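I have placed the structure first, in the form of structure tokens, so that the comments after it can refer back to it.
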Amino acid sequence: NAGVTQTPKFRVLKTGQSMTLLCAQDMNHEYMYWYRQDPGMGLRLIHYSVGEGTTAKGEVPDGYNVSRLKKQNFLLGLESAAPSQTSVYFCASSYQGEAQYFGPGTRLTVL
Amino acid sequence: AQSVTQLGSHVSVSEGALVLLRCNYSSSVPPYLFWYVQYPNQGLQLLLKYTTGATLVKGINGFEAEFKKSETSFHLTKPSAHMSDAAEYFCAVSDFPNQFYFGTGTSLTVIP
């Protein structure tokens, strides 16, 4: 039982490049989330999903897209990376409104 | 939308002293409440949660928190701090079923 895993762990991009972050969970959770964590700002919700094939915007969705084609996977895409997207990205999953379980994070630097 | 306020972005305690981390939330209905801990370069780990029932909740590593509806508070305590408790602590609120709101975190330093 791996819980929540994230790929990759680290990434450096140049401005304008694109990339996809992968989140996978093996707990059969319906709900999945993408957050970014920046110093002094806590966690901010980017997008979330309440089930396969559904997604919704969170607090800071601009510049990101997501897809939930399979229940266990939640992908976060950056179409044209900007330095302001330098952050640590966390994926989480939960059973409805119960506690969230977090992945180890992806450190992204955009130059 | 909910909001979560953690009083004190940095808290220092001596080893063996009481740990008290404060959390207040805004909600018109009883929410689900959580405390998470984050060690350096790691993800968030659930310490404890309140959903329904007993308002004093016990978690891992000797931590506990009390839900006080009248004060809209969910403060985290531990009777005796250990060096291993040094970490970032986040309070979170869920307004069921799908939105979670996090505080900005409190960094706990334990002084030997």
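The values are calculated or read from the model by the stated rules, or taken from the named source; none is laboratory data. As the structure is a computational prediction, the values presented were derived from the model and not from experiment. Backbone-built Cβ (ideal geometry, glycine too); neighbour counts: all protein chains shown. Remember, those area values only see protein heavy atoms, side chains included, never the ligands or the DNA or RNA. Shrake-Rupley method; radii C 1.70, N 1.55, O 1.52, S 1.80 Å.
Report whether or not B:E88 is touching a Lys or Arg at 6+ places or on another chain (Cβ under 6 Å), open to solvent by 20 Å² or more (accessible area, probe 1.4 Å) and either acidic (D, E) or within 14 Å of chain A (Cβ to nearest Cβ) (or both).
Against the criterion (touching a Lys or Arg at 6+ places or on another chain (Cβ under 6 Å), open to solvent by 20 Å² or more (accessible area, probe 1.4 Å) and either acidic (D, E) or within 14 Å of chain A (Cβ to nearest Cβ) (or both)), B:E88 does not qualify.
Residues that are buried (at least 19 other Cβ atoms within 10 Å of the Cβ), of a type outside the set (A, V, I, L, M, F, W, C) and over 9 Å from the mean Cα position of the chain (by Cα) were ranked within segment A:30-47; the one that is nearest to B:S9 (Cα to Cα) is A:G42. Only a single item in (1) within 24 Å of B:I111 (Cα to Cα); (2) crowded, with 19+ Cβ neighbours inside 10 Å is not met by B:Y50, and it is number (1). The residues of segment B:91-112 that are touching a helix residue (DSSP H, G or I) at 6+ places or on another chain (Cβ under 7 Å) and either within 11 Å of chain A (Cβ to nearest Cβ) or crowded, with 18+ Cβ neighbours inside 10 Å (or both), listed by number, are B:L108, B:V110.
Among the residues making up segment A:31-48, those that are over 19 Å from B:C91 (Cβ atoms) and more than 9 Å from chain B (Cβ to nearest Cβ) are A:M32, A:W34, A:I46, A:H47. The one condition from (1) touching a residue at least 40 places away in the same chain (Cβ under 8 Å); (2) more than 13 Å from B:G103 (Cβ to Cβ); (3) under 14 Å from the mean Cα position of the chain (by Cα); (4) open to solvent by 30 Å² or more (accessible area, probe 1.4 Å) that B:Q45 does not meet is (1). For A:A82, the requirement of being open to solvent by less than 40 Å² (accessible area, probe 1.4 Å), more than 24 Å from B:Y36 (Cβ to Cβ) and either at pLDDT 95 or above or within 14 Å of chain B (Cβ to nearest Cβ) (or both) is met. Listed by first and then second residue, the pairs linking a residue in segment A:14-29 that is among the basic types (K, R) to a residue that is open to solvent by less than 40 Å² (accessible area, probe 1.4 Å), with Cβ atoms under 8 Å apart and 6 or more places separating them unless they lie on different chains, are A:K14/A:A81; A:K14/A:V110. Is it the case that some residue within segment B:61-80 is open to solvent by less than 50 Å² (accessible area, probe 1.4 Å), within 12 Å of another protein chain (Cβ to nearest Cβ), more than 16 Å from B:S94 (Cβ to Cβ) and modelled with pLDDT under 95? Scanning segment B:61-80 turns up no residue that is open to solvent by less than 50 Å² (accessible area, probe 1.4 Å), within 12 Å of another protein chain (Cβ to nearest Cβ), more than 16 Å from B:S94 (Cβ to Cβ) and modelled with pLDDT under 95. Would segment B:73-86 turn up any residue that is under 23 Å from B:E15 (Cβ atoms) and acidic (D, E)? Yes: one or more hits. Take the conditions (1) outside any loop (DSSP other than H, G, I, E, B); (2) within 23 Å of B:N41 (Cα to Cα); (3) among the β-branched types (V, I, T); A:V50 misses just one of them, which is (2).
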